[in-house]
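For reference, the structure is listed below as structure tokens.
The values are calculated or read from the model by the stated rules, or taken from the named source; none is laboratory data. Please read these numbers as outputs of a predicted model, since none were measured by experiment. Heads up, the Cβs are rebuilt from the backbone with ideal geometry, glycines too, and the neighbour counts pull from every protein chain shown. We work out accessible area using only protein heavy atoms, side chains counted, and drop any ligands, DNA or RNA first. Shrake-Rupley method; radii C 1.70, N 1.55, O 1.52, S 1.80 Å.
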Amino acid sequence: MPVITEGMNLGDLLKYEAPNLYSRDQATVASGQNLALGAVVGIVSATGKVKALDPAATDGSQTAAGILLEPVDASASDRDDGILLARHAIVADHALVWPAGITNAEKAAAIAELKAIGILVRKGV
């Protein structure tokens with residue numbers, strides 16, 4: 001019998017959020033990306049659009065500004081239906097999606113940036 005593996009879902013990522021969806025914002029995801037649920041993202045200063053966190057960038061996306069609460073395929077064009085976890089929440093560390101090649105120091109800095117906006121990253125929850 002084949003093994004069936006369930007992918008990540010919102011319950012794997014989100015452990016607490018403020019009532020009445022206060023923790024969430026609608027976001028426009030910049031084109032050219034296919035981002036997964038749990039992707040740590042930054043916001044491009046010039047456009048206000050969300051991009052995958054890029055610690056080497058200088059456009060605003062180098063600063064962690066939230067976490068996507070659903071996958072968004074913006075490969076072909078901008079998508080204005082992204083749901084961003086932006087404040088007052090607790091998430092599980094194992095469910096976060098980081099950019100390829102991120103260092104432990106960059107990850108720690110991003111976790112501190114998330115904490116500064118009220119998103120706590122917890123291990124083993």
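How many residues, within the stretch 10-23, are part of a loop (DSSP other than H, G, I, E, B) and open to solvent by 60 Å² or more (accessible area, probe 1.4 Å)?
1
Looking only at the stretch 36-72, how many residues end up being touching a residue at least 24 places away in the same chain (Cβ under 8 Å) and assigned to a loop (DSSP other than H, G, I, E, B)?
13
Residues of the stretch 91-107 being among the aliphatic types (A, V, I, L, M) and either open to solvent by 50 Å² or more (accessible area, probe 1.4 Å) or free of Cβ contacts under 8 Å to residues at least 60 places away in the same chain (or both), which ones?
Val97, Ala100, Ile102, Ala105
Of (1) surrounded by fewer than 15 Cβ atoms within 10 Å (Cβ to Cβ); (2) modelled with pLDDT of 95 or more, Lys51 satisfies all except one. Which?
All conditions pass for Lys51, except number (1).
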